[in-house]
Amino acid sequence: MTTDSIPAPARATPFTTKPDGNILAAWERITAAHAAIAECTAAPTDGSLYSPEEQAQWRVNDAAEVEILKTIGESPVGAEIQLWVALIHLVEGGDAECAILRRDLGWFAERDADMNWSERLILSAIRSLRAIGGAA
């Protein structure tokens with residue numbers, strides 16, 4: 001049987017063949033949206049905080065975050081991504097945000113003393129997930 005004989009909705013996609021495919025795909029949309037926002041040069045014209053282009057990317061980001069929130073993780077990687085999304089709402093600063101988008105535990109380890117208790121607990125959970133097989 002070839003895939004041509006399988007109806008399109010039943011065919012596997014690159015993400016659906018992996019555990020947490022929806023979470024991984026949503027994370028890709030988040031990182032792409034943040035990259036697009038960083039490239040935006042247009043200033044807001046209506047007095048708002050973001051330009052229309054930035055607003056469009058924030059809508060993509062927000063929808064992806066909602067999908068991650070509502071999806072039950074199936075693996076350590078999925079749970080790890082959910083924790084990174086939680087962390088991005090707690091930390092301040094562009095460097096920290098960039099480290100989150102890279103899922104860079106080393107960056108945070110170097111600044112452990114500067115982290116508050118909630119942030120440190122989330123990072124501890126991420127380290128645990130990676131130790132049990134969650135590193136992607």
Net charge within 14 Å of residue 63 by Cβ-Cβ distance, Lys/Arg positive one each and Asp/Glu negative one each, not counting residue 63 itself? -1
In whole angstrom, note down how far apart the Cα centers of the range 45-77 and the range 80-127 are. 18 Å
Can you tell which of 132, 42, 30 lies farthest toward the positive end of the dipole of the range 17-134, using +1 and -1 charges on the Cβ of basic and acidic side chains (Lys, Arg; Asp, Glu)? 132
Rounded to the nearest 500, what is the chain's calculated 222 nm mean residue ellipticity when only DSSP H runs of at least 4 contribute -39500 (n - 2.57) each, over all residues? -18000 deg cm²/dmol
What is the P(r) of the chain, as percent of Cα-Cα pairs per 10 Å bin from 0? 11, 35, 31, 17, 6, 1
How far apart, in nanometres, would the label points at residue 131 and residue 49 be if each is projected 7 angstrom from Cα along the Cα-to-Cβ direction? 3.7 nm
About the Cα centre, and with charges only on the beta carbon of Lys, Arg (+1) and Asp, Glu (-1), how big is the dipole of the chain? Nearest 20 debye, please. 540 debye
HN-Hα J in Hz across the range 33-45 - Karplus 6.51, -1.76, 1.60, θ = phi - 60°, x for Gly and Pro: 5, 5, 5, 5, 4, 5, 8, 5, 10, 6, 7, x, 9
When 1/r is averaged over all different Cα pairs and the result inverted, which Kirkwood radius in Å belongs to the range 78-129? 10.7 Å
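Quick note: the coordinates plus some simple rules give every number you see, no bench work behind them. None of these values were measured; they are calculated from a predicted model. Quick reminder, even Gly has a Cβ in these numbers, built from the backbone with ideal geometry, and neighbours come from all protein chains shown.
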